[in-house]
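In what follows, a single structure is set out as structure tokens and then discussed.
The values are calculated or read from the model by the stated rules, or taken from the named source; none is laboratory data. Keep in mind that what you see is a predicted model, and the values were worked out from it rather than measured. For neighbour counting, all protein chains shown are included, and Cβ atoms are generated from backbone atoms with ideal geometry for every residue, glycine included.
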Amino acid sequence: MEYSIKQFHPKNATDDLWDKYYQFDEEIFQEKYPGDPLPDRKLDRSFILDPHPHLDIYRWLVYSTSKKQEVIAKANLWHLSKKSPDYHNVKDKISGYISVKKEFRRKKIATELLIMMNIEADKLCKKILRAEITEHEAGIAFCDRYNGKVVARRAQNRLYFNEIDWELMDDWRKKGKENVSGVTLEVFENVPEKDLIEYCKLFTETMNQAPAEDLAGKFVLSPERRRVDEETYTKKGYIWVTIISRESSGVISGLTEIFYHPDLPHLIEQELTGVNENYTGRGLGKWLKAEMLFYIKNRFPDIKFITTGNNDSNEAMLSINNRMGYRRYKSEIFYEFNIKDLKNKLKI
């Protein structure tokens, strides 16, 4: 079949092109998440036109040669820019994503896009390309064909709000308070300045405590990155809520975070929950998780479900989530490609 591939420059896109872009995107979304409300176009477009300031992003669209010139595939490539304080931790790595409409798969379109992505990554002196596949036979076969290495398996898990056992959650709250005398919980949206350095240190520690399988690179949350993230998401209209536990000594021992957006009123995104290794074994993680559910119930009572992601190897968190009522919704596989080897495989 005939098609054309062009780099996509969002700031120069016409209204007609945006419509074609979202017709494609929404078809892919409905295939992946049947029955879910479509993402808000205005919100999504705001992230495309004004992305995170620490990211460099490259985009391609594939058009059919029919009169309609419909979008039939797309590819994105992104990496942390040199402006990021964390650049040195991942300077050799770049991430990519390819999606193709169902009827146009297995026609070498994804391979053509991968060649363009590999050429760009090579120009940027990157060594590793990361890709994420969501429960997609064609995508898995594609990554396997080009010798992608599976570095992590994880799941998108969902907790439907009408299925929550509130008596159990209240029991977790009560037992948490009993088991950790002197500990208090605090809620905020932006990290207080007095706690910023300590919070980022705890976030980094707990993030790296969780099993990451073979995903290379240590995660580091710097105070600067946290402030930039807060500014970015607040500007886009997100409500970012954090609950921390504070020991009687004043030390922050645990945390849990969520995202909510008024234009996506059906869902909450549950982010990291973690407890410092020195303070585990007292039910603190369960208390934090339960407390956040009651916070959501009071402030965002109309949501339909909470979504979160967990590595399959993170047995401790999966155990808590299963008891809360979370269920696996989608499986995800993370691949890494050696860019030099991929270049040879693609015969570039």
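General observations
- Of all residues in region 53-62 being touching a residue at least 40 places away in the same chain (Cβ under 8 Å) and surrounded by fewer than 19 Cβ atoms within 10 Å (Cβ to Cβ), the one that is nearest to Arg105 (Cα to Cα): Arg59
- Asn321 meets each of the listed conditions (1) out of contact with any Asp or Glu (no Cβ under 8 Å at 6 or more places or on another chain); (2) buried (at least 21 other Cβ atoms within 10 Å of the Cβ); (3) under 16 Å from Lys175 (Cβ atoms) apart from (3).
- Those residues of region 312-335 which are at pLDDT below 95 and either in a loop (DSSP other than H, G, I, E, B) or acidic (Asp, Glu) (or both), in sequence order: Asp312, Ser313, Asn314, Glu315, Glu332
- Being surrounded by 16 or more Cβ atoms within 10 Å (Cβ to Cβ), outside any strand (DSSP E or B), over 20 Å from the mean Cα position of the chain (by Cα) and among the aliphatic types (A, V, I, L, M) is a property that does not hold for Ile303.
- Among residues of region 106-160, those that are aromatic (Phe, Trp, Tyr) and part of a helix (DSSP H, G or I), counted: 1
Let's see how each residue does on (1) within 30 Å of Val151 (Cα to Cα); (2) among the hydrophobic types (A, V, I, L, M, F, W, C); (3) assigned by TED's automatic domain parsing to the domain that holds Ile258; (4) touching a residue at least 24 places away in the same chain (Cβ under 8 Å):
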{"site": "Thr280", "(1), (2), (3), (4)": "yes, no, yes, no"}
{"site": "Glu291", "(1), (2), (3), (4)": "no, no, yes, yes"}
{"site": "Pro301", "(1), (2), (3), (4)": "no, no, yes, no"}
{"site": "Gly309", "(1), (2), (3), (4)": "yes, no, yes, yes"}
{"site": "Ser319", "(1), (2), (3), (4)": "yes, no, yes, no"}
{"site": "Arg323", "(1), (2), (3), (4)": "yes, no, yes, yes"}
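- Residue check for Ser253: more than 24 Å from the chain's Cα centre (by Cα), over 21 Å from Phe300 (Cβ atoms) and assigned to a loop (DSSP other than H, G, I, E, B): no
- Residues that are over 24 Å from the mean Cα position of the chain (by Cα), part of a helix (DSSP H, G or I) and at pLDDT below 95, drawn from region 176-226: Gly176, Lys177, Glu178, Asn179
- Filtering region 124-165 to residues that are closer than 28 Å to Met317 by Cβ and either more than 22 Å from the chain's Cα centre (by Cα) or polar (S, T, N, Q) (or both) leaves Thr134, Gln156, Asn157, Asn162, Glu163, Ile164, Asp165.
- Extreme residue, farthest from Tyr326 (Cα to Cα), among residues of region 282-296 that are out of contact with any strand residue (DSSP E or B) (no Cβ under 9 Å at 6 or more places or on another chain) and not charged (D, E, K, R): Gly283
- Condition met for Glu178 (touching a residue at least 12 places away in the same chain (Cβ under 8 Å), of a type in the set (D, E, K, R) and within 25 Å of Thr280 (Cα to Cα)): no
- Condition met for Gly309 (in a loop (DSSP other than H, G, I, E, B), out of contact with any His (no Cβ under 7 Å at 6 or more places or on another chain) and at pLDDT below 95): no
- For the criterion of being in contact with a Phe, Trp or Tyr (Cβ under 9 Å, 6 or more places away or on another chain) and outside any helix (DSSP H, G or I), Leu77 passes.
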